[in-house]
1. Tell me the residue from 102, 154 that is within 16 Å of the chain's Cα centre (by Cα) and over 21 Å from residue 42 (Cα atoms), please.
2. Kindly evaluate residue 113 against the criterion of being more than 14 Å from the chain's Cα centre (by Cα) and on the phi < 0 side of the Ramachandran plot.
3. For the range 46-90, which positions are of a type in the set (S, T, N, Q), more than 16 Å from residue 33 (Cα to Cα) and within 15 Å of the chain's Cα centre (by Cα)?
4. Spot the failing condition for residue 114; the list is (1) in contact with a Pro (Cβ under 6 Å, 6 or more places away or on another chain); (2) closer than 23 Å to residue 31 by Cβ, and only one is missed.
5. When you look at residue 155, is it surrounded by fewer than 17 Cβ atoms within 10 Å (Cβ to Cβ) and of a type in the set (Ser, Thr, Tyr), yes or no?
6. Would you mind finding the one in 132, 115 that is within 23 Å of residue 150 (Cα to Cα) and touching a residue at least 60 places away in the same chain (Cβ under 8 Å)?
7. Would you confirm whether any residue within the range 61-84 is more than 27 Å from residue 153 (Cα to Cα) and surrounded by 18 or more Cβ atoms within 10 Å (Cβ to Cβ)?
Amino acid sequence: MSPDAIVRCLLEDDGACRDINFSEHISTAGAQALVTVIAIRWQLTRATDGDGNAIAQGTLQDCLSRPSGALSTVWQGPAIPRHLQAFFHWTCIDRVFCELTFFPADLDRPRFVLEDFLRVLAVFVLAAQSDEYYVRFEDASWSHAASSSESVIFSHETMPLKPVV
């Protein structure tokens, strides 16, 4: 897919969100590092555990250290994208499913630059300590590693990221 087509897919206001997924399971340390880098650029507006209990920002790392659980967070800020949801679910230590979600409206259309988005994505991938990433349309039928799926806009297979400096 060409860079122009990728931008169109990211910005198309079709009512669906866009998801960023990593390796099927990332480590607990990777999940914690991801929360840390998100907290640098965005402000936490809400966090809940798997039971719907509110979680304070200062205890997010502790929550991710539990033997099993779920954590749902919502962030906002001036970064790309303006709003970001991060969902984590794990049934044992070091096997954390993670999905980051945003909507096309959270991207500054008039000033959107794909390279800026890719730099942010590279920070996420590095923090998550993941060999894989998938940027895709919301699609409940998508299965992990289905990079040829029409719901995948681009992935580590089609667009290797530049190292973060």
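1. Values: 102 fails: over 21 Å from residue 42 (Cα atoms).
From the options 102, 154, the qualifying one is 154.
2. Judged against the criteria, residue 113 is a match.
3. The answer is 76, and nothing else.
4. (2)
5. no
6. Details: 115 fails: touching a residue at least 60 places away in the same chain (Cβ under 8 Å).
Only one candidate qualifies: 132.
7. yes
Let's see how each residue does on (1) among the polar types (S, T, N, Q); (2) without any contact (Cβ under 8 Å) to a residue 40 or more places away in the chain:
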residue: 61; (1), (2): yes, yes
residue: 70; (1), (2): no, yes
residue: 80; (1), (2): no, no
residue: 125; (1), (2): no, no
residue: 140; (1), (2): no, yes
residue: 149; (1), (2): yes, yes
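The values are calculated or read from the model by the stated rules, or taken from the named source; none is laboratory data. Remember, it's a predicted structure, so these values are computed and weren't measured experimentally. With ideal geometry, Cβ positions are generated from the backbone for all residues, glycine too; neighbour counts draw on all protein chains shown.
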